[in-house]
Amino acid sequence: MFLRKKYACLTISTIARAISAKTRYRRNMTTVDHAVGAFSQNPPWVVNPEEMTWRIGINEVRNSTRAELPLLLQKGRRPPVKRAFQVVFTILRAFIPWFFGARKKGGETSRSDLSKRLRIAFTHLGPTYIKLGQILSSGEGIFPAEVVDEFKLLRDRVPPETFEDVRNTIEQDLGMPLESIFSEFSSSPLAAASIAQVHVAKLRDGQEVVVKVQRPKISQQVRQDLAVMNWLAPFLVGRIPVSSLANPPALVELFADTILEELDFRLEAQNMLDVAEVLATTDQRSIVVPRPHPELITRRVLVMERLSGFAWDDVAGMKSAGVNTEIVLRAGMISFLEGAMLFGVFHGDLHGGNLLVQTDGTVALLDFGITGRLDPTKRLAFLRLLVGATANQIPEQIAALRDLGALPMDVDIDQVIIDLGLDAPAVDPTLLSADEIIVEIQKLAKGLLSYGAKLPKELMLFAKNMLFMDSAVALFAPNIDILGEIAHIANYFAEHHGDRIAKDVGFDPREVPVDLDGVRATMGLTPDVKSITYKDLQKRREIIRSRLESAQSPKRRKPRR
């Protein structure tokens with residue numbers, strides 16, 4: 001406890017040094033910190049990780065947070081009775097009307113109705129469940145579309161804390177009156193999320209900053225809610241159709257692993273430094289990270305550089321400013337892949353609200369509460385998975401998935417390939433009937449379940465980000481040739497990182513050409529398809545979606561005997 005207080009709180013003398021206009025962190029300093037991170041050109045202060053006092057013991061903080069996870073998710077652990085009753089009552093109040101109503105209609109109607117009822121229930125249950133809903137809302141392609149669309153409504157509907165609560169948190173953690181630290185502080189938040197809210201402010205030396213402040217008592221509330229979720233999840237297995245693609249206990253474990261680190265802003269600030277360092281090491285200067293303040297960071301308060309730019313979906317504004325959106329998209333994809341494949345660190349929650357595009361085409365990356373981290377073994381497996389995909393090496397990909405934890409370690413790789421039909425010729429799903437598509441999906445799902453397949457946290461975060469990047473193509477480059485772009489990115493990695501990849505995986509990507517036939521097969525395209533735009537790909541997906549919907553329509557169901 002003593003160490004926590006020591007690391008969480010700052011002394012008055014430390015604060016005084018941090019806000020002095022005559023310290024080494026003045027605006028007129030040059031961008032000497034570009035050697036340690038990809039930051040903006042106009043620094044409000046210079047980042048020197050070795051001199052940041054909040055980093056003292058940061059590895060111990062991360063390790064202790066990870067060690068807490070299995071304790072929270074112990075089987076048979078009794079949840080807080082009062083909170084458990086409240087959660088069960090609220091969920092049942094949503095579940096029962098659906099069960100006796102829209103469930104009988106089936107298909108999209110059933111899923112939409114239940115998703116809406118659950119979204120309303122999550123709103124009533126408060127920040128932890130709202131956070132869970134927000135994570136589900138960014139899982140396009142992983143979770144059913146009805147769930148994603150409905151839970152998107154939770155992204156900007158979290159009521160803010162009072163300014164007095166915000167003031168109290170800042171003053172308790174920083175150890176000084178608010179006015180002694182900031183010359184200006186907006187009482188209305190710029191944004192209010194489930195765990196924290198963000199305010200615009202100015203330091204005493206005139207620097208504009210963003211201040212992220214954790215909600216009071218949220219740490220305790222999250223832990224209580226995780227205990228209830230852990231207790232409740234086994235009862236939901238097979239009972240809620242929208243959870244059929246994600247086993248509820250596994251989803252709770254994934255959620256707990258994700259949210260615990262978000263409760264300590266020192267970890268988020270370190271994530272910022274780590275991602276910035278990766279970008280600097282790979283010389284990806286088209287992506288920048290806000291500078292965390294050298295001193296004003298605690299477990300519940302995070303002061304950082306303020307960056308601005310076009311909203312992610314303001315493509316018209318970007319183009320009017322002369323921004324090449326195709327280049328922006330390509331830089332984002334390459335930097336994301338470099339972080340994951342070569343360094344095992346990547347932003348884990350890409351969505352429109354966490355990205356700004358500046359007038360010079362530079363992308364500002366925001367909110368590092370969720371960050372993917374791969375240990376050396378998993379990073380190598382991840383690299384083998386992606387390199388194996390470009391070379392169409394199916395056994396290598398299955399082995400990589402095993403090493404990532406998606407399949408049991410004793411799995412028979414050759415048998416998996418046979419059972420899942422991965423060695424069969426590509427089949428164009430748009431040429432299949434609705435029933436044939438369903439049979440193929442069921443066959444794949446049954447095969448995966450028979451092997452005990454699961455979705456590890458890092459793989460889920462990566463897949464979620466890739467799906468976001470996929471949707472970004474529709475905004476930024478709808479006419480781009482997808483096959484050509486895949487070949488371009490693969491060639492970029494071979495050219496820029498060939499030696500590193502050869503050392504890590506045992507073969508040189510410069511000597512192994514990209515197997516576009518294999519890429520076509522994963523997209524359900526036949527070898528005669530030489531190019532395909534994102535618009536064309538969307539048309540194919542729409543065909544498949546409409547056929548699946550028609551197959552699930554009540555009119556096509558046979559009456560019960």
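Does the range 311-328 contain at least one residue that is of a type in the set (Phe, Trp, Tyr) and farther than 25 Å from Ala406 by Cβ?
Yes, there is a match, as at least one residue in the range 311-328 is of a type in the set (Phe, Trp, Tyr) and farther than 25 Å from Ala406 by Cβ.
Among the listed residues Gly139, Gly101, Gly175, identify the single one that is touching a helix residue (DSSP H, G or I) at 6+ places or on another chain (Cβ under 8 Å), on the phi > 0 side of the Ramachandran plot and touching a residue at least 12 places away in the same chain (Cβ under 8 Å).
Of Gly139, Gly101, Gly175, the one residue that is touching a helix residue (DSSP H, G or I) at 6+ places or on another chain (Cβ under 8 Å), on the phi > 0 side of the Ramachandran plot and touching a residue at least 12 places away in the same chain (Cβ under 8 Å) is Gly175.
Determine which single condition Ala250 fails, assuming it passes every other condition in (1) under 25 Å from Asp360 (Cβ atoms); (2) surrounded by fewer than 21 Cβ atoms within 10 Å (Cβ to Cβ).
Exception for Ala250: condition (1).
State whether one or more residues within the range 144-153 are touching a Gly at 6+ places or on another chain (Cβ under 7 Å) and either over 24 Å from Val303 (Cα atoms) or at pLDDT 85 or above (or both). So that I can check it myself, show each step before the final result.
From the range 144-153, those touching a Gly at 6+ places or on another chain (Cβ under 7 Å) are 148, 151; that's our starting set.
Within this subset, residues satisfying the condition of being either over 24 Å from Val303 (Cα atoms) or at pLDDT 85 or above (or both) are 148, 151.
Yes - at least one qualifying residue is present in the range 144-153.
Can you pull out every residue in the range 166-179 that is loosely packed, with under 15 Cβ neighbours inside 10 Å and not in a loop (DSSP other than H, G, I, E, B)?
Hits for the range 166-179 are Gln172, Glu179.
Residue by residue through the range 308-334, note down the ones that are touching a helix residue (DSSP H, G or I) at 6+ places or on another chain (Cβ under 7 Å), surrounded by fewer than 22 Cβ atoms within 10 Å (Cβ to Cβ) and in a helix (DSSP H, G or I).
Within the range 308-334, Val315, Lys319, Thr325, Glu326, Leu329, Met333, Ile334 meet the criteria.
Looking for something crowded, with 16+ Cβ neighbours inside 10 Å and either in contact with a strand residue (DSSP E or B) (Cβ under 6 Å, 6 or more places away or on another chain) or outside any helix (DSSP H, G or I) (or both) - is there at least one such residue anywhere in the range 471-479?
Looking for residues that are crowded, with 16+ Cβ neighbours inside 10 Å and either in contact with a strand residue (DSSP E or B) (Cβ under 6 Å, 6 or more places away or on another chain) or outside any helix (DSSP H, G or I) (or both), one finds at least one in the range 471-479, hence yes.
Cβ-Cβ below 8 Å, separation at least six or inter-chain, first residue in the range 113-126 and touching a residue at least 12 places away in the same chain (Cβ under 8 Å) and on the phi < 0 side of the Ramachandran plot, second of a type in the set (S, T, N, Q) and surrounded by fewer than 18 Cβ atoms within 10 Å (Cβ to Cβ): which pairs?
Leu125/Gln86
Would you please list the contacts, defined by Cβ atoms under 7 Å and residues six or more apart or on different chains, that run from a residue in the range 196-210 that is crowded, with 22+ Cβ neighbours inside 10 Å to a residue that is assigned to a loop (DSSP other than H, G, I, E, B) and acidic (Asp, Glu)?
Every condition considered, the pairs that remain are Gln197/Glu161.
Here is a yes/no grid of residues against (1) surrounded by 13 or more Cβ atoms within 10 Å (Cβ to Cβ); (2) over 19 Å from Pro234 (Cα atoms):
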site: Asn42; (1), (2): no, yes
site: Asn59; (1), (2): no, yes
site: Arg78; (1), (2): no, no
site: Ala84; (1), (2): yes, no
site: Gly107; (1), (2): yes, yes
site: Arg111; (1), (2): yes, yes
site: Leu125; (1), (2): yes, yes
site: Ile135; (1), (2): yes, yes
site: Glu140; (1), (2): yes, yes
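Has the range 374-392 got at least one residue that is in contact with a Pro (Cβ under 7 Å, 6 or more places away or on another chain) and closer than 25 Å to Leu337 by Cβ? Outline the logic, then answer.
Within the range 374-392, the first condition is being in contact with a Pro (Cβ under 7 Å, 6 or more places away or on another chain), and the residues that meet it are 387.
Those left that are additionally closer than 25 Å to Leu337 by Cβ: 387.
Yes; the residues of the range 374-392 include at least one that is in contact with a Pro (Cβ under 7 Å, 6 or more places away or on another chain) and closer than 25 Å to Leu337 by Cβ.
Any idea which of (1) surrounded by 18 or more Cβ atoms within 10 Å (Cβ to Cβ); (2) at pLDDT below 95; (3) aromatic (Phe, Trp, Tyr) is the one Phe2 doesn't satisfy?
(1)
Out of the range 139-165, which residues are under 30 Å from Asp113 (Cα atoms) and in a helix (DSSP H, G or I)? Before the answer, list the steps.
Going residue by residue through the range 139-165, those that are under 30 Å from Asp113 (Cα atoms) are 139-160.
Ala145, Glu146, Val147, Val148, Asp149, Glu150, Phe151, Lys152, Leu153, Leu154, listed by residue number.
Among (1) small (Gly, Ala, Ser); (2) farther than 18 Å from Val211 by Cα; (3) in contact with a helix residue (DSSP H, G or I) (Cβ under 7 Å, 6 or more places away or on another chain), where does Gly369 come up short?
(2)
Which condition number in (1) of a type outside the set (Phe, Trp, Tyr); (2) modelled with pLDDT of 90 or more; (3) part of a helix (DSSP H, G or I) is the one that Met304 fails?
With respect to (1) of a type outside the set (Phe, Trp, Tyr); (2) modelled with pLDDT of 90 or more; (3) part of a helix (DSSP H, G or I), Met304 is out only on (3).
The values are calculated or read from the model by the stated rules, or taken from the named source; none is laboratory data. Because the structure is a prediction, the values reported are computed rather than measured. Quick reminder, even Gly has a Cβ in these numbers, built from the backbone with ideal geometry, and neighbours come from all protein chains shown.
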